[in-house]
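Peer 1: What follows is a structure written as structure tokens; I'll ask about it next.
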Amino acid sequence: MTTRTSDFMRNSPLAAAAAVVLAIGVAAILGAFFFQFVLGLRPCPLCLEQRVAYYVAIPFAILVLLGSSVGSSRKVLAGAMALVALAMAWNAGLGVY
């Protein structure tokens, strides 16, 4: 890791976590869209329902990154990341189902 990246992660762990969630979430949704629209594979109802967590997590991750850049309260940022965690926990529960 470069010094700049490690400084970012050390100085702003919530923003770093949001960046990771954003990158992985966007990659997962783009992959699902690729299989659906490019390869023509129809998703099952459970697959469509599992996408909802990503549709919640991605905008909240963007909001955390924006909030971190303008100096928002740490409690507000932590609350937004808690909502992201709850959405992903719900998604994991659907996956177990």
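The values are calculated or read from the model by the stated rules, or taken from the named source; none is laboratory data. Predicted, not measured: the structure shown is a model, and the values here were computed from it. Heads up, the Cβs are rebuilt from the backbone with ideal geometry, glycines too, and the neighbour counts pull from every protein chain shown. Heads up: the accessible areas ignore ligands, DNA and RNA and are worked out on the full protein's heavy atoms, side chains in. Shrake-Rupley method; radii C 1.70, N 1.55, O 1.52, S 1.80 Å.
Peer 1: For segment 42-93, give me the residue count where each residue is assigned to a helix (DSSP H, G or I) and under 28 Å from N11 (Cα atoms).
Peer 2: Residues flagged as assigned to a helix (DSSP H, G or I) and under 28 Å from N11 (Cα atoms) within segment 42-93 amount to 34.
Peer 1: Working only within segment 14-26, note down all residues that are open to solvent by less than 80 Å² (accessible area, probe 1.4 Å) and either of a type in the set (A, V, I, L, M, F, W, C) or over 20 Å from V96 (Cβ atoms) (or both).
Peer 2: Within segment 14-26, L14, A15, A16, A17, A18, A19, V21, L22, A23, V26 meet the criteria.
Peer 1: Which numbered condition in (1) in contact with a helix residue (DSSP H, G or I) (Cβ under 7 Å, 6 or more places away or on another chain); (2) surrounded by 13 or more Cβ atoms within 10 Å (Cβ to Cβ); (3) of a type outside the set (K, R); (4) modelled with pLDDT under 95 is the only one that I29 fails?
Peer 2: Every listed condition holds for I29 apart from (4).
Peer 1: Filter segment 43-88 down to the residues that are free of Cβ contacts under 8 Å to residues at least 24 places away in the same chain, open to solvent by 50 Å² or more (accessible area, probe 1.4 Å), in contact with a helix residue (DSSP H, G or I) (Cβ under 7 Å, 6 or more places away or on another chain) and over 15 Å from V20 (Cα atoms) and list them by number.
Peer 2: V76
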